[in-house]
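Down below is the structure, laid out as structure tokens.
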Amino acid sequence: MLDIKSTKNDKELVFELTGRLDTTTAPEFSTRVDEEVVDLNKLVLDFKGLEYISSAGLRVVLSALKKMKGEDMIVRNVNDDIMDIFEMTGFIDLLTIE
Amino acid sequence: MLDNMNSNFLHLIGSAAIIIVLTFIINNHYYSLFKSDNGKKRAKAYVVMGLFGGLFGVYANYAGINVSDAIVSIRDIGPMMAGIFGGPIGGLIAGGIACAHRLTLGGPTVYACSLATLTIGMFSGLLHMIFGQKIIKIHWAFIIACIFEGYHLLLVYLIVKPTSLAISIIEAVAIPIILANAIGFALMVAVSLYIDHQREIQFEKERISSELDVATKIQNSMLPMILPTFPGRAEFKIQASMNTAKEVGGDFYDIFYTDDDHIALVMADVSGKGIPAALFMVITKTLIKNNMQEGMSPAKAMTKANQQLCENNEEGMFVTVWMCLLEITTGKITFVNAGHNPPLLTKDGKCDYLKTKSGFILAGMDSTKYKEYEMQLDDGDALFLYTDGVTEAENSAIELYGEDRLLGFMKELKDKDPDEIIEGMHKDLDEFVGDAEQFDDITMLSLKMSGNYKTKRIEPDISEMESVSSFVEEILESEEISPKTIISFNICLDEILSNVIQYSGCTFVEIGVSNNGKRVSMRFVDDGEEYDPKQNPDPDITAPVEERKIGGLGLFMIKKMMDAVEYERVDGKNILTVRKYI
């Protein structure tokens, strides 16, 4: 129940996620991150279609963040429920949320 | 003359005191030897008797009164005692010792008296052989002593020469010697009988006390053992306890199924204490249970039990009873009260006494008709049943524990599980009562509803998770739960289920969802390794990116999102329940 769409433009990559990022779907997203987050200077996670995220999803977000090694990573279109999770878990301090 | 009589009297008193002391010593210290089946031990007792008898004879010789150079003494009591109690062995030893000592004292009657003492010891021993213990009656002792002393004087008459001297001696001493010996020996037997009697009373007391102990054990064994909670049907939890004040009490509780979907809870207090109360308790308990298991409603079962108890109640005993029948699948209780203390009800998080119009006490009047009431218990609701031993527990300042303190304390405990509630109540009662004695039985029963769950059972496989998620969502959507709450439950489901599937090593997981209109609960039952997620430390949510860990984050999120996280381990299964008010 997760649809992952990625658009690459030079060294800028955008993931558009639709559905749920949980234990069932996180491995797929993790694979995509491993494959595609390589040599970028900007990564955008567009959560417009994302319903919610569990800790399994947070793990992938964190690994993406670590892979970017301080390069730009932006999370946008975060809904209230996911924002609650980010706040609750302290991810709000790690992420640049638009 | 008066002085003489006075000094004789004092002598007699002194001898009586010696007799009493001696009898006490022998009876208290050698009793078990006399009664022993072991021949050696009995022989030892006989020898000891002989020695004591002999020593008494020696004492009596010294304490005797000199009349015309003849000694008036109660020496013969020694061999008599030794013979009657200690048989031929005792009699012979005592007679021998007293006789030998008498020989050393000389005087005109030396041979007659010595021979008399020796033979009296032997004859007494023979009496013991012929009549055994039967001889030891006070009047018999008196008569035997008179006969022996008559025989003693006869020897004096036959042996002492010249006969005129013998006659004058006999004339002078006959009455005092016969009376002193007879009274002394009768006194000894009287004391001995008294001690025996006391010992029997003591035995009887011990026997009754040990029988009461057995009665207590039987009574306790009649109380139901705690019911096992079985996963998949863990709709409620129950814990109960009873502490009796005296050995046997009149309180009882009962928990029994009437069919697959109904369980009855009974709390009762019989008037009075001890065996009568315990017997009445057994009858009442049996009648109520029989009537309920025949399918009667609580009110009917009580009305009938009341008539049955009234039929034959000459003693005028009565019972106060509070009983309810719980319909497990719906949480509906039907209850009836026969003069019992109102239980405490915790409903929707509020705790108060469940006061309804009470019926008359059970076994009070045969015309009593009981009325039943109904009430709905939902997930998290609880009942606390008790007897007046709780509210009327007294401290050393003669203050009662009281209904107010009980209510106040129960409000503090309302979120706890039944076993914690019972334990907590005991602690609070102990604290209140302090060193004061417990006067009444203290009996309590705690019931807590765990919800009416709709359940789904899966194999521990990640691929099953989506179907569980749909299952939970469908239930919550059909109950018109807000999308936001559904998301919270979905996330919790994902966190808990993934944990259980990946790490517990279970062979199944059962997911249950329950909604009581105010609170949604989701429960996970698995047979994996024991794991209490509540013990998990919270993760550091302020660490920089490089040091961030995901482990523990899921459980942390659950704690934040839910209003309650409860864990218990039952029958080798983990039961984890998360709850959220809606």
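Results, tabulated for the structure shown:
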| quantity | calculated |
| --- | --- |
| Mean Cβ neighbour count within 10 Å, used as a protection proxy, ranking B:148-154, B:356-362 highest first | B:148-154, B:356-362 |
| For region B:150-216 versus region B:401-421, the gap between their alpha-carbon centres in whole angstrom | 68 |
| Peptide A:86-98 - average C-beta neighbours from other chains (10 Å radius) | 3 |
| Förster radius 22 Å - calculated FRET efficiency between B:K427 and B:S396, Cβ distance, rounded to 0.05 | 0.80 |
| Signed unit charges on C-beta, dipole axis of the protein assembly as shown, positive-most listed residue B:G389, B:F471, B:Q376 | B:G389 |
| FRET efficiency, B:E480 to A:M83 (Cβ-Cβ, R0 35 Å, nearest 0.05) | 0.90 |
| Inter-centroid distance (Cα atoms) of region A:52-98 relative to region B:530-582, Å | 20 |
| Net charge contributed by nearby residues that have their C-beta within less than 12 Å of B:S36 (K/R +1, D/E -1) | +4 |
| Pairs from B:K350/B:K534; A:K5/B:K559; B:K332/B:K534; B:K332/B:K560; B:K347/B:K580 whose Cα-Cα separation, in the structure shown, is over 22 Å | B:K350/B:K534; A:K5/B:K559; B:K332/B:K534; B:K332/B:K560 |
| 11 Å beta-carbon shell around B:V48, net charge (K/R +1, D/E -1) | +3 |
| Spin-label pair B:Y353/A:S63, simplified geometry with 7 Å Cα→Cβ offset, distance in nm | 6.3 |
| Packing rank of B:113-122, A:9-18, B:203-212, B:79-88, where each peptide gets the mean count of other beta carbons within 10 Å, highest leading | B:79-88, B:113-122, A:9-18, B:203-212 |
| Phi to ³J(HN,Hα) by Karplus 6.51 cos²θ - 1.76 cosθ + 1.60 over region B:460-473, Hz, x for Gly, Pro | x, 9, 4, 5, 7, 5, 5, 5, 5, 4, 5, 4, 5, 4 |
| Gained length - B:Y111 relative to B:D261, 0.36 nm times residue gap less alpha-carbon distance | 44.2 nm |
| Average other protein chain Cβ within 10 Å of Cβ, residues B:531-542 | 1 |
| Separation of the B:S209 and B:E529 label points, Cα + 7 Å toward Cβ, nm | 5.3 |
| Long pairs among B:K289/B:K369; A:K8/A:K69; B:K217/B:K304, criterion Cα-Cα beyond 23 Å | B:K217/B:K304 |
| Residue-span extension gain [B:E412 to B:R199] - 0.36 nm each, minus C-alpha spacing | 71.3 nm |
| Chain B: angle of helix B:274-293 to the longest principal axis, Cα-based, in degrees nearest 10 | 30 |
| Listed residues B:I481, B:I275, A:A64: farthest to the positive end of the dipole of the protein assembly as shown (Cβ charges) | B:I275 |
| For region B:327-376 and region B:269-320, distance of Cα centres in Å | 17 |
| Cα gyration tensor shape of chain B, rounded if a/c is under 1.5, else prolate or oblate by comparing a/b with b/c | prolate |
| 10 Å Cβ neighbours from other chains, averaged over peptide B:482-489 | 3 |
| B:S36 versus B:E327: modelled label distance in nm, points set 7 Å from Cα along the beta carbon direction | 7.3 |
| Whether region B:223-449 is rounded, prolate or oblate, judged on the alpha carbon gyration tensor where a/c under 1.5 counts as rounded | oblate |
| For peptides B:94-107, B:429-442, B:272-285, sequence by mean Cβ density within 10 Å, most packed first | B:94-107, B:272-285, B:429-442 |
| Cross-link partners of B:K357 among aspartates and glutamates (Cα-Cα below 15 Å; sequence separation of 8 or more within a chain) | B:E372, B:E374 |
| Relative contact order computed over chain B (Cα-Cα under 8 Å; 6+ residues apart), in percent | 9 |
| Note, ³J(HN,Hα) from phi for region B:453-458, Karplus 6.51, -1.76, 1.60, rounded to Hz, x at Gly and Pro | 8, 8, 10, 9, 10, 10 |
| Cut-off under 5 Å, modelled amide H: who pairs with B:D379 long-range | B:G451, B:N452 |
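All of the numbers you see were taken from the coordinates with simple rules; none came from a lab. From a predicted model like this one, the values you see are computed outputs, not experimental measurements. Using ideal geometry, Cβ is built from the backbone for each residue, glycine included, and neighbour counts are taken over all protein chains shown.
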